[in-house]
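Below is one structure; the comments refer to it alone.
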Amino acid sequence: MKKTLTTAVCALTVFCGALEFDGVFQSGMVLQQGRELAFRGTASPGEKVALTFAGKRVAGKADGNGRWRLVLPALPASKESRQMVLKGEGKTVTLDDVLVGEVWLCSGQSNMYWPLGRSLNGKETAGKSDFPEIRVFRTDGSYAPSPQTKTKAKWRKLTPKLADGLSAVAFYFGRKLHQELNVPVGLLCAYRGGTMIEPWTPEGAYDPYPELKKKIAERFSGEADPKSKSPKDWPQNRPHVLYNGSVHPLTPYTFRGVIWYQGCSNVWYDTKEEYLLKQQALFDGWKKAFANAEMKFYTVQIAPLNRGGAAARNHVGVWLAQQEFADRNTPAVKLAVINDVGDLKNIHPVNKEPVGLRLAALALKYDYGRNIPADFPRLRTAERRNGALHLAFDHVGKWKTADGKEIRNFEIAGADGKFFPARAESRGGALTVSAPEVPEPLAVRYMYNCSRIGNLVNEAGLPLGTFEKSVKK
């Protein structure tokens, strides 16, 4: 036993003795401008290390386990290709071609994964996409039982070949930022199809919600089965495993925010209340993991889809949970609504450009100070007058329909709570909603059926999202 233990300790010492950066810190990377920059890696226990970049130098030493962490002061954006040098007591590690600009983490399930080359007009777009100042670091969607620091991913310049297989949403988002800001852009990509929110969430993030934590433990108590028809049984959907294998290796990389597109797999299981708390747990868990209290989180409301039964009800619940999550965490969290560009027959709508551009517009307005239309219409007040409901909205100057047809998908109810399809008429940015079956309306809702496409948009073409509102008698 003593010999085995000694061998294990020696092996650990040899591993930790190698002066190196953790996996995400590589040649060709883009660093976040305007914020302190954290770096991490290994050395011999107690070894003195120093990091130099852009005329700045910081020094420290590895701890007893051979782990070091250094923080550079904030830097301005720079397209200049520069070296970063890490020096130990007997070795030097040099990273080349390091730029400074804007960095975002792009994550979620299959609609975030969906590649540009398989999207609407994507092949043609990819063929024209040679952007050497946009750099991509894409993990392979690995999952692991414990947090990892190593990764096989590499920082790469955005070429037509790389663009073809890159997330279409991430591509359109990153390209727009690069074009508008004229600075280097780094895209940290960690996504995998068919995944629930639980595997992306760090260990301990559910601790503030003991009842939810208990329910999750019960739901995933069975053995993993990659051949199961139920997503909760797949190995990659065990709680925390995708965070461990694909997100934790990115820590403590400094970035401005996250774009997140996920929820389709949780529709099978979660109520509104459950998914609301799960989003909060992930968001808070990631802020803590990356030591990024100011982290922005721009999420996509999942697209409409033909569903029935409990999944249809839960789909609407997820829509409501996504909006409430954004409202609870504003201005750090914003929601991009896409109910006008879905495909009822396809869980993977191929028109991804509006999704990426709507996320980019939110970032350009709220992170980079651009005076552009980015906010989606939101109900402000509902009043009952003369047998109809009169609705006022924020972020609307004038309504229109995306397809040129009559406004659809409104319903109203009276005292009995039974909803009927309603006619909606617009006047500027207001709506009057009525139905002959409901002479005294007391409630209104919009897009409460996931098997419908939304067509009501503001003057900037941004759609109204799902809501329900009661009015006083």
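The values are calculated or read from the model by the stated rules, or taken from the named source; none is laboratory data. As the structure is a prediction and not an experimental result, all values here were calculated from the model. Ideal geometry is used to build each Cβ from the backbone, glycine not excepted, and the neighbour counts take in all protein chains shown.
Some notes on this structure:
- In region 179-198 there is no residue that is more than 30 Å from Leu120 (Cβ to Cβ) and surrounded by fewer than 22 Cβ atoms within 10 Å (Cβ to Cβ).
- Hits in region 232-278 (condition: free of Cβ contacts under 8 Å to residues at least 60 places away in the same chain and either closer than 15 Å to Gln109 by Cα or in contact with a His (Cβ under 9 Å, 6 or more places away or on another chain) (or both)): Lys232, Trp234, Asn237, Pro239, His240, Val267, Trp268
- Here His348 passes the criteria (1) farther than 29 Å from Glu180 by Cβ; (2) out of contact with any Asp or Glu (no Cβ under 9 Å at 6 or more places or on another chain) except the one numbered (1).
- Elements of type strands (runs of 3 or more DSSP E) in region 49-143, at least 1 residues being buried (at least 17 other Cβ atoms within 10 Å of the Cβ): 67-72, 78-87, 92-108, 131-138
- Pick from region 280-322, criterion under 30 Å from Lys345 (Cβ atoms), crowded, with 21+ Cβ neighbours inside 10 Å and of a type in the set (S, T, N, Q), ranking: nearest to the chain's Cα centre (by Cα): Thr299
- In region 361-375, residue farthest from Val258 (Cα to Cα) [restricted to those that are buried (at least 18 other Cβ atoms within 10 Å of the Cβ) and of a type in the set (Gly, Ala, Ser)]: Ala374
- Every residue from region 206-228 that is at pLDDT below 95 and either of a type in the set (Lys, Arg) or closer than 14 Å to Trp268 by Cβ (or both): none
- Pairs where the first residue, in region 80-97, is over 15 Å from Pro184 (Cβ atoms) and the second is acidic (Asp, Glu) and exposed (fewer than 13 other Cβ atoms within 10 Å of the Cβ), C-beta under 7 Å, 6+ apart: Gln83/Asp96
- The residue that is surrounded by the most Cβ atoms within 10 Å (Cβ to Cβ), counting only those in region 155-168 that are in contact with a Ser or Thr (Cβ under 9 Å, 6 or more places away or on another chain) and part of a helix (DSSP H, G or I), is Ala168.
- Some residue of region 342-354 being closer than 23 Å to Ile453 by Cβ and in a helix (DSSP H, G or I): yes
- Top-ranked residue of region 175-186 - restricted to ones that are part of a loop (DSSP other than H, G, I, E, B) and either within 20 Å of the chain's Cα centre (by Cα) or touching a residue at least 12 places away in the same chain (Cβ under 8 Å) (or both), ranked as nearest to Val103 (Cα to Cα): Pro184
- Test: residue in region 266-273 that is β-branched (Val, Ile, Thr), farther than 17 Å from Tyr298 by Cα and surrounded by fewer than 19 Cβ atoms within 10 Å (Cβ to Cβ): yes
- Residue among Arg427, Arg408 that is surrounded by fewer than 21 Cβ atoms within 10 Å (Cβ to Cβ), in contact with a Ser or Thr (Cβ under 9 Å, 6 or more places away or on another chain), free of Cβ contacts under 8 Å to residues at least 60 places away in the same chain and not assigned by TED's automatic domain parsing to the domain that holds Leu187: Arg408
- Tyr209 vs. criteria within 23 Å of the chain's Cα centre (by Cα), crowded, with 24+ Cβ neighbours inside 10 Å and of a type in the set (Phe, Trp, Tyr): no
- Within region 331-352, the set of residues being acidic (Asp, Glu) and either surrounded by fewer than 21 Cβ atoms within 10 Å (Cβ to Cβ) or in the same structural domain as Asn409 (by TED's automatic domain parsing) (or both) comprises Asp343 only.
- Arg328 surrounded by fewer than 20 Cβ atoms within 10 Å (Cβ to Cβ), over 25 Å from Phe39 (Cα atoms) and without any contact (Cβ under 8 Å) to a residue 24 or more places away in the chain: no
- Listed conditions (1) outside the structural domain of Arg307 (by TED's automatic domain parsing); (2) surrounded by 21 or more Cβ atoms within 10 Å (Cβ to Cβ) are all met by Glu383, apart from (2).
- Inter-residue pairs, beta-carbon under 6 Å, first in contact (Cβ under 8 Å) with a residue 40 or more places away in the chain and in region 159-174, second among the acidic types (Asp, Glu), 6+ apart: Tyr172/Glu353
- Count of residues meeting criterion [farther than 21 Å from His315 by Cα, part of a loop (DSSP other than H, G, I, E, B) and charged (D, E, K, R)] in region 425-459: 3
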